[in-house]
Amino acid sequence: MSKTLVKTFFLLVLFFSNYSFADTALLIYDDTSTRDNVKGRLEAAGHTVTTATVIPGVVNTYDQVWDIR
């Protein structure tokens with residue numbers, strides 16, 4: 001799958017989901033406009049979002065990990 005198709009798929013899942021997400025999310029990104037879009041949606045849904053450009057050493061402190069690179 002192409003990178004754009006994968007990003008589009010995850011954005012569609014995020015936009016059209018009807019279930020509640022967890023409280024904390026780690027968002028790993030390489031494109032700032034995509035990061036801002038997804039981060040804004042997660043925060044609007046009530047989540048605390050941490051962003052990073054690389055996977056940190058410890059990820060088990062997050063309820064969700066989104067890798068949108």
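Are there any pairs, at least 6 apart or on different chains, whose C-beta atoms fall under 7 Å, with the first in the range 52-65 and part of a loop (DSSP other than H, G, I, E, B) and the second surrounded by 12 or more Cβ atoms within 10 Å (Cβ to Cβ) and among the hydroxyl-bearing types (Ser, Thr, Tyr), and if so, which?
Note: pairs meeting the criteria are Thr53/Tyr29; Tyr62/Thr24; Asp63/Thr24.
I'm checking my understanding of the structure. Among residues of the range 18-48 that are of a type in the set (D, E, K, R) and under 22 Å from Lys3 (Cα atoms), which one is modelled with the lowest pLDDT?
Filtering the range 18-48 for residues that are of a type in the set (D, E, K, R) and under 22 Å from Lys3 (Cα atoms), the one modelled with the lowest pLDDT comes out as Asp31.
So, in the range 23-48, of the ones that are among the small types (Gly, Ala, Ser) and over 16 Å from Phe10 (Cα atoms), which residue ends up most open to solvent (accessible area, probe 1.4 Å)?
Here is the first cut: in the range 23-48, the residues among the small types (Gly, Ala, Ser) are 25, 33, 40, 44-46.
Still in the running and over 16 Å from Phe10 (Cα atoms): 44, 46.
Numbers: Ala44: 89, Gly46: 57 Å².
Here the answer is Ala44.
Pick from Thr8, Thr51: which is at pLDDT 95 or above and surrounded by 12 or more Cβ atoms within 10 Å (Cβ to Cβ)?
Sole residue among the options that is at pLDDT 95 or above and surrounded by 12 or more Cβ atoms within 10 Å (Cβ to Cβ): Thr51.
Where the second residue is open to solvent by less than 50 Å² (accessible area, probe 1.4 Å) and assigned to a strand (DSSP E or B) and the first is among the small types (Gly, Ala, Ser) and lies in the range 25-36, which pairs have Cβ atoms under 7 Å and are six or more apart or on separate chains?
Ala25/Val49; Ala25/Gln64; Ala25/Trp66
The values are calculated or read from the model by the stated rules, or taken from the named source; none is laboratory data. Keep in mind that this is a model prediction, so the values were computed, not measured. In this analysis, Cβ positions are derived from the backbone assuming ideal geometry, glycine residues included, and neighbour counts consider all displayed protein chains. Just so you know, the surface numbers come from the protein's heavy atoms only, side chains and all, with ligands and any DNA or RNA stripped out. Shrake-Rupley method; radii C 1.70, N 1.55, O 1.52, S 1.80 Å.
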